[in-house]
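Here the structure is laid out as structure tokens; the discussion comes afterwards.
The values are calculated or read from the model by the stated rules, or taken from the named source; none is laboratory data. Only a predicted model underlies this, so the values are computations on that prediction, with no experimental measurement involved. Quick reminder, even Gly has a Cβ in these numbers, built from the backbone with ideal geometry, and neighbours come from all protein chains shown. Ligands, DNA and RNA are stripped out before the accessible areas are found, and what is left, the full protein with its side chains, is counted by its heavy atoms. Shrake-Rupley method; radii C 1.70, N 1.55, O 1.52, S 1.80 Å.
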Amino acid sequence: MIDISKPLIAALKGKRVDPPPIWMMRQAGRYLPEYRAIREKAGGFLNLCYDPEKAAEVTLQPLNRFGFDAAILFSDILVIPHALGQNVKFEAGEGPRLDPIRNAEGLDRLSMDGLHESLGPIYETVRRVSERIPDGAAVIGFAGAPWTVATYMVEGGSARDYLSAKGWALGDPAGFQMLIDLLIEATTEYLLRQVEAGAEAIQLFDTWAGVLPKYAFERFSAAPICEIAQRVKAVYPDIPFIAFPRGAALYLPGLVRQTEIDCIGIDYATDPEWAARQLQPHATVQGNLDPILLLAGGEELEYRAQEIVRTLSDGPHIFNLGHGILPPTPIKHVERLIKAVRG
């Protein structure tokens, strides 16, 4: 049962909430000393993701400290390729490393057979967070959108030019679609189990959506996001969906007109005035303070945060950053931001 008395859920359902609900992407992370202590005990990033007790604790840490309106599941978008059988590891200071899949023949290495067994600890984390969530706050489940997850699977990690991923997608779209279709199926199953475990909203992160030309964005980013949302809503029709296709602002007016999308996340390069005109009449808008400004702090932080709130105040709005919080961010800046947003 979705509780629309919660500020975040009310905003996702299209209601104007004053002040707007606030949470932050990567709010459970290295800027918090309590997070760093737990991660050290876990002995590695993936170990932490797969430890329900510790993952639930770090998921709730930002709410215990700041009183955010939502807790987003602590996990990683690459648990899906890991569960499908691709080798995934995180090197300290270097980010993720995967054994790359470069063509359709490489898909034979992947299988849905062990999906839920591998992801079971994450479902347990959602259950534990749901049981302990503070009154009035909501639980957000999440996954990476198929395009972004595919880029890591194909490139073998982070990339600058996406030569391999875009080369496959644009040069052999039918073959690349096979990978996308597998990720649609796996991600849908993953999110259905998160909702079953207690997630009250879902966010799909398409971090690298902005590297695609429009026709490829529509096929490999927007269409899979909508397909996943549609499939999940066929089982849980009331679950709100947030889509965050970073770097793709000019493509978003078409996406928000899709009925499956309840909320659109905008990055820090997107003009809130433009978003108020082009996006907010069709969906809740989430965003979009620059994380660097939160890191810098000062009066400019307060002014810009309040300006975003004012600009988007005529419609449903969830205050957030335009990307994830940065590890060096001072805690006192986060406290100042929350005070500025809540007035």
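Given a 1.4 Å probe and every protein chain left where it sits, what share in percent of the accessible area of the chain is carbon and sulfur?
47
Note down the relative contact order for region 1-152 as a percent, whole number, built from C-alpha pairs under 8 angstrom at least six residues apart. Can you show the working numbers first?
Working: 182 pairs, mean separation 41.2, N = 152.
Across region 1-152, relative contact order equals 27 percent.
Using alpha carbons only, what's the Rg to Rh ratio of region 80-134 with Rh from Kirkwood?
With Rg and the Kirkwood Rh in hand, the quotient comes to 1.12.
List, in the order given, every pair from K89/K339; K15/K233; K89/K166; K54/K214 whose Cα-Cα distance in the structure shown is over 31 Å.
Working: K89/K339 39 Å; K15/K233 20 Å; K89/K166 23 Å; K54/K214 41 Å.
From K89/K339; K15/K233; K89/K166; K54/K214, over 31 Å: K89/K339; K54/K214.
So between Y303 and D99, what do we pick up on full extension, going 0.36 nm a residue minus the alpha carbon distance?
Extending this stretch completely gives an extra 68.9 nm.
State the Cα centre-to-centre distance between region 81-127 and region 225-297 in whole Å.
What the calculation gives is 27 Å, centre to centre.
Just the accessible area per residue of the chain, please: how many Å² with a 1.4 Å probe?
Details: 13930 Å² over 343 residues.
Here the per-residue accessible area is 41 Å².
So, R0 is 35 Å and r is the distance between the beta-carbons of R16 and M178; what FRET efficiency does that work out to, to 0.05? Let's see the in-between values first.
On the way: r = 43 Å, r/R0 = 1.23.
The calculated FRET efficiency here is 0.25.
Please state the relative contact order of the chain as a whole percent: Cα pairs under 8 Å, 6+ residues apart? Walk me through the numbers on the way to the answer.
Values: 643 pairs, mean separation 71.3, N = 343.
Once divided by the residue count of the chain, the mean separation gives 21 percent.
For E185 and S158, compute 0.36 nm times the residue count separating them, minus their Cα-Cα distance, and round to one decimal in nm.
Working: separation 27, 0.36 × 27 = 9.72 nm, distance 2.34 nm.
The span from E185 to S158 would gain 7.4 nm if fully extended.
So for the pair T259, E53, with labels modelled 7 Å out along Cα→Cβ, what separation do we get in nm?
Those two pseudo-labels are separated by 4.7 nm.
Under 19 Å Cα-Cα from K332, which aspartates and glutamates qualify once same-chain neighbours fewer than 8 residues away are excluded?
Cα-Cα hits under 19 Å: E34, D69, D290, E299, E300, E302.
With a 10 Å cut-off between alpha carbons and a GNM built on the chain, which of G297, G287, G106 moves the most?
Among G297, G287, G106, the largest mean-square fluctuation in the Gaussian network model of the chain belongs to G106.
So between D238 and L295, what do we pick up on full extension, going 0.36 nm a residue minus the alpha carbon distance? Could you put the intermediate results ahead of the total?
Working: separation 57, 0.36 × 57 = 20.52 nm, distance 3.62 nm.
Gain in length upon complete extension: 16.9 nm.
Which FRET efficiency value, to the nearest 0.05, is calculated for R109 and N64 with the Förster distance at 45 angstrom and r the Cβ-Cβ distance? The partial results should precede the final answer.
On the way: r = 41 Å, r/R0 = 0.92.
Step by step, r from the Cβ atoms, then E = 0.65.
Answer with one residue from P100, G144, L191: the one whose Cα lies farthest towards the positive end of the charge dipole of region 89-198, charges on Cβ with Lys, Arg +1 and Asp, Glu -1.
Farthest along the dipole direction, towards plus: G144.
Would you kindly compute the Cα radius of gyration of the chain and its largest Cα-Cα separation (Dmax), both in Å?
Reported Rg and Dmax, both Å: 18.8, 56.
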